[in-house]
Amino acid sequence: MSEESVKFNHSAYNLQSWSKQRGLDPIVVDKAEGIYMYDASGKRYTDMSSQLVNLNLGHGNRAIIEAIKKQAERYCYIGPSYGSEPRGELAKMVIGLLPDNFGKIFFTNGGTDANENAIKIARMYTGRNKVFSRYRSYHGATFGAGNLTGEPRRYPLEPGIPGFVKFFDPYLYRERIEFPSEKAASEYYVAKLREQIVYEGPDNVAAVVLETVTGSNGVIIPPEGYLPGVRKICDEFGILLICDEVMTGFGRTGKMFGFENFGMKPDMVAFAKGVTCGYVQLGGVAVCKKVADSFDDRFLSCGLTYSGHPLACAAGVACVSYYKEHKILKNVAARGAELKTALRSLGEAHKSVGDTRSIGLFSAVELVKDKRTKEPLVPYGKDPDGVMKRIVGELARRGFMTYSHENMIIVAPPLIIEKEQLREELAKLDEVLYIVDKSL
Ligand SMILES: Cc1ncc(COP(=O)(O)O)c(C=O)c1O
């Protein structure tokens, strides 16, 4: 099929996510290998966002492809109540990666329904109905997960589900209070959260849900002591702590799971994306032993036709094995350190860069009109003149493919990126930031 026909079908018959539908002009990917994609004319594009921060091991990984093929030859689908080798094996592998308080996995199709089921399980376990989550967060687009979500993608679902309460993130760059240390900031945010929980009635609160490191909403890294502080409040009131590790799980932050960076153990972990790197869609919620055991004699009112799909789980087994066998975390540590240093330099060199934040190979460049006032390059929730779209377009013209959110550019390449490849791409970012500087 010609490139024109693919584009026509895409725009004429397909509704594209999170977009106005007029004037779409997608790049048609002809083939993809490692961190690169190619169009029909052979032009190369570098995947600097790992697609939607899911393609951790890059395109064309033979081990994953062969595992899917092998399972497809055996059988492609079997219902959730049948025993299936890849399903059980992957559940065991993921539990093996988590702290010793974890017991079982409920598999889902992706991250949204992982969060949906996590809050459902928390409500069944505690018999309470309220759920706390943060404003600067994305947890999915369906009703439950969409109501957990704090950012503007929540608005079409409003008026929201009663009992979904929002609290503030520890977004230090935009905090008006100047704290003497990260610890002091954590104490403040944790105390405010505790106060809010008290006002809402702690006996009504089933769970606190948070992205361990806030992802799309700006790679907001929790300050020292914050997550252990939230853990302490949850323990005090018998509230379950759910970490949404849909983006941060499977090596993105330099640890297998993001919370390992912060000295805290959650009660549940929602995961997706990196578990199969998108080769087949899969998500899941890992549940601690005490919660898992409570369903021994209580009906687990959760279900999906494709819970633990054999092809997805076979891909998952191959992915998790690959992370371990190829010591992917080692590469994340080395490249992550280079990325952090390079972004810091870009922050110093460019007047349009207000802040850069990174952990592992997970980073955001926050653009401002004025470094001193920190006025965002585009107002919150709006970009009427398409400023960010143009910046992402300039990057794409140079073959640097990523996406923006609010006034941030997300930089999150596949975890297999090599030193020279990273250096080459960051030079393109530097070039585009000069254009942004000039526009101010
Ligand atoms: C932190 C987080 N949670 C949940 C989701 C939703 O996952 P999915 O799109 O697989 O349903 C996303 C998607 O980007 C995410 O970043």
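What follows draws every value from the coordinates through simple rules; no lab data is involved. Note that the structure is a prediction, hence the values are computed from the model and not measured. With ideal geometry, Cβ positions are generated from the backbone for all residues, glycine too; neighbour counts draw on all protein chains shown.
Using θ = phi - 60° in the Karplus curve 6.51 cos²θ - 1.76 cosθ + 1.60, the 3J(HN,Hα) couplings for region 232-244 round to 5, 5, 4, 5, 4, 10, x, 9, 7, 9, 10, 9, 7 Hz; x is entered for Gly and Pro.
Estimated from helices alone, the mean residue ellipticity of the chain at 222 nm is -12500 deg cm²/dmol (sum of -39500 (n - 2.57) over DSSP H runs with n ≥ 4, per residue). Rounded, prolate or oblate: which fits region 180-233, taking a ≥ b ≥ c as square roots of the Cα gyration tensor eigenvalues, rounded meaning a/c under 1.5, else prolate when a/b beats b/c? Oblate shape, in that a/c is at least 1.5 and b/c is the bigger or equal ratio.
Amide H to amide H distances under 5 Å link VAL368 with VAL353, GLY354, LEU377, where only residues 5 or more positions off or on other chains count and H is placed in the peptide plane. Starting from region 259-351, pick out the trypsin sites (Lys or Arg not before Pro) whose DSSP state is loop and whose Cβ has at most 12 other Cβ atoms within 10 Å. Listed in order of number, the matching sites are ARG298, LYS327.
For the chain, a Gaussian network of Cα nodes joined below 10 Å ranks ALA122, ALA349, ALA67 by mean-square fluctuation, and the top entry is ALA349. Between VAL29 and GLU431, the distance separating the two model label sites (each 7 Å from Cα on the Cα→Cβ line) works out to 2.3 nm.
Placing unit charges on the Cβ atoms only, positive for Lys and Arg and negative for Asp and Glu, gives region 142-218 a dipole magnitude near 140 debye about its Cα centre.
Simple point charges give the picture: +1 on the Cβ of Lys and Arg, -1 on the Cβ of Asp and Glu, and for the chain a dipole about the Cα centre of about 60 debye.
In percent, rounded to a whole number, the relative contact order of the chain is 20, using alpha-carbon pairs under 8 Å and six or more apart.
Taking the empirical scaling 2.2 N^0.38 Å for compact globular proteins as reference, the chain has a Cα radius of gyration ratio of 0.97. Near ILE435: Cβ cut-off under 13 Å, other residues only, Lys/Arg at +1 and Asp/Glu at -1. The net charge is +2. Among TYR13, TYR380, TYR155, the largest mean-square fluctuation in a Gaussian network model of the chain (Cα springs under 10 Å) belongs to TYR13. The chymotrypsin sites (Phe, Trp or Tyr not before Pro) of region 237-338 that DSSP puts in a loop, and whose beta carbon has at most 15 other beta carbons within 10 Å, are PHE299. Proximity of backbone amide H atoms, modeled 1.01 Å from N, is registered between GLU418 and no other residue at under 5 Å, excluding neighbours fewer than 5 places apart on the same chain.
In region 137-252, a dipole from Cβ-located charges (positive for Lys and Arg, negative for Asp and Glu) runs towards its positive end, and of THR149, GLY163, ALA184 it is THR149 whose Cα lies farthest in that direction.
Taking a sphere under 14 Å around the Cβ of GLU3 and counting the other residues whose Cβ falls inside, with K and R at +1 and D and E at -1, yields a net charge of -1. From the square roots a ≥ b ≥ c of the eigenvalues of the alpha-carbon gyration tensor of region 95-245, which class results: rounded (a/c under 1.5), prolate (a/b over b/c), or oblate? Note, shape of region 95-245 comes out rounded. Loop-located chymotrypsin sites (Phe, Trp or Tyr not before Pro) across region 86-144 with a Cβ neighbour count of 16 or fewer within 10 Å are TYR135, with loop assigned by DSSP.
Among GLY42, GLY140, GLY58, the largest mean-square fluctuation in a Gaussian network model of the chain (Cα springs under 10 Å) belongs to GLY42. Taking a ≥ b ≥ c as the square roots of the Cα gyration tensor eigenvalues, region 223-368 comes out oblate, since a/c reaches at least 1.5 and a/b does not exceed b/c. Counting neighbouring Cβ atoms within 10 Å and putting the fewest first, the residues THR276, THR402, THR341, THR212 line up as THR341, THR402, THR212, THR276.
Per-residue 3J(HN,Hα) values for region 327-344, derived from phi via the Karplus relation 6.51 cos²θ - 1.76 cosθ + 1.60 with θ = phi - 60°, read 6, 4, 4, 5, 5, 4, 4, 5, 5, x, 5, 5, 4, 4, 4, 5, 5, 4 Hz in sequence order (x marks Gly and Pro). Each part gets one Cα centre, and for region 5-59 versus region 82-136 those centres are 31 Å apart.
Assuming charge only on the beta carbon of Lys and Arg (+1) and of Asp and Glu (-1), the dipole of region 304-419 about its Cα centre is about 260 debye to the nearest 20. The relative contact order of region 1-150 comes to 10 percent, based on Cα pairs under 8 Å that sit 6 or more residues apart. Evaluating 6.51 cos²θ - 1.76 cosθ + 1.60 at θ = phi - 60° for every residue in region 188-195, the Karplus couplings come out as 5, 5, 5, 5, 5, 5, 4, 4 Hz, glycine and proline recorded as x. Given a cut-off of 19 Å, name the pairs among LYS104/LYS265; LYS273/LYS324; LYS183/LYS290; LYS166/LYS289; LYS255/LYS330 whose C-alpha atoms lie farther apart than that in the structure shown. Flagged as over cut-off: LYS183/LYS290; LYS166/LYS289. Annotation: the residues VAL28, VAL285, sorted from fewest to most other C-beta atoms within 10 Å of their own C-beta, follow the order VAL28, VAL285.
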